[in-house]
1. Quick one: which residue in Leu170, Leu195 is assigned to a strand (DSSP E or B), surrounded by 16 or more Cβ atoms within 10 Å (Cβ to Cβ) and touching a residue at least 40 places away in the same chain (Cβ under 8 Å)?
2. State which residue is surrounded by the fewest Cβ atoms within 10 Å (Cβ to Cβ) when the search covers only segment 44-76 and only residues that are among the charged types (D, E, K, R) and assigned to a loop (DSSP other than H, G, I, E, B).
3. Run Thr79 past the list (1) buried (at least 20 other Cβ atoms within 10 Å of the Cβ); (2) not in a strand (DSSP E or B); (3) not charged (D, E, K, R) and report the number of the one that doesn't hold.
4. Filter segment 12-36 down to the residues that are within 21 Å of Glu154 (Cα to Cα) and not hydroxyl-bearing (Ser, Thr, Tyr), then identify the one that is farthest from the chain's Cα centre (by Cα).
5. Anything in segment 16-37 that is out of contact with any strand residue (DSSP E or B) (no Cβ under 7 Å at 6 or more places or on another chain) and either assigned to a helix (DSSP H, G or I) or closer than 14 Å to Leu170 by Cβ (or both)? List them, or say none.
6. Only one of (1) in contact (Cβ under 8 Å) with a residue 40 or more places away in the chain; (2) touching a His at 6+ places or on another chain (Cβ under 9 Å); (3) surrounded by 17 or more Cβ atoms within 10 Å (Cβ to Cβ); (4) not acidic (Asp, Glu) fails for Gln190. Which number is that?
7. When you check Thr112 against the structure, is it closer than 30 Å to Arg186 by Cβ and assigned to a loop (DSSP other than H, G, I, E, B), yes or no?
8. Go through Asn23, Asn19 for me and flag whichever is farther than 21 Å from Arg141 by Cβ, surrounded by fewer than 22 Cβ atoms within 10 Å (Cβ to Cβ) and either aromatic (Phe, Trp, Tyr) or at pLDDT 95 or above (or both).
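The values are calculated or read from the model by the stated rules, or taken from the named source; none is laboratory data. Because the structure is a prediction, the values reported are computed rather than measured. Note that we place each Cβ from the backbone using ideal geometry, even for glycine, and neighbour counts take in every protein chain shown.
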Amino acid sequence: MAPQGVVLADITPVILTYNEAANIGRSLQRLTWAKEVVVVDSNSTDDTLAIADRFPNVRTVQRRFDTHAEQWRFAVEQTGIMSDWVLRLDADYMVEPELRDEFAALAPTDDTAAFEIAFTYCIDGRPLRASLYPALPVLFRRGRGGFVQDGHTEKLRIDGPVVKLTNRLLHDDRKSLEQWLRSQSRYQAQEADKLTTRTWSELSWPDRLRRTRFLGPIAVAAHCLLVKGLIFDGKPGLLYTAQRVTADLILSMHLLRRDLV
């Protein structure tokens with residue numbers, strides 16, 4: 001079918017938030033090109049909403065959080081979005097001008113369902129050469145994607161062809177270490193639920209390593225430092241590696257505690 005161009009007004013960025021005061025302003029500052037940005041907030045107790053209200057193109061909706069999949073389903077299907085395309089973002093995703101310009105130049109065919117975007121992970125604004133963060137279908141045609149829960153987070157299942165974009169999103173989380181650790185304890189408990197309720201054949205190889213209780217952290221350290229080359233990124237690379245190893249150690253502790261009950 002003949003390509004039909006995407007104009008920026010056809011794209012509605014959507015962001016889920018909960019206590020994202022450290023990130024939301026930087027994210028929204030890069031979305032002033034959008035006709036409307038929808039922020040679905042899970043009853044934040046910090047300045048997230050006050051910061052969002054400073055941007056005239058932002059509309060905020062509050063909903064009590066239950067799961068990521070249900071929150072995203074509500075955000076996309078029940079907040080009155082009318083545009084053809086949805087740009088699903090976390091509050092720590094940054095759309096740089098080059099990616100915005102790529103959006104404006106898109107001419108997808110009628111059967112194109114989504115565009116996949118890779119990430120550059122940043123530590124306090126310092127970009128890393130690589131990370132464990134996968135490319136994701138971030139820009140998708142409304143009505144052509146469905147959300148399913150997967151451990152602590154959600155996956156977007158796309159109905160139709162997915163095209164890879166050239167430019168990348170920045171992932172730049174500036175929340176405190178204490179807030180990160182609290183989140184990881186909650187997230188890894190949900191990951192432990194996933195690992196203990198699925199059969200061995202249903203798990204990916206990384207998840208199989210994690211389910212051993214001890215190989216996961218070792219594999220993550222080796223993969224980050226040696227395979228991804230983060231040992232050459234200095235302290236930011238070491239900090240990212242420490243974060244990923246810590247997350248796997250927390251997961252191992254959740255699994256081992258379950259073994260002892």
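1. From the options Leu170, Leu195, the qualifying one is Leu170.
2. Only one residue tops the list, namely Arg64.
3. (1)
4. The residue in question is Asn19.
5. Scanning segment 16-37 gives Asn23, Gly25, Gln29.
6. Failing condition for Gln190: (1).
7. no
8. Residue meeting the stated conditions: Asn19.
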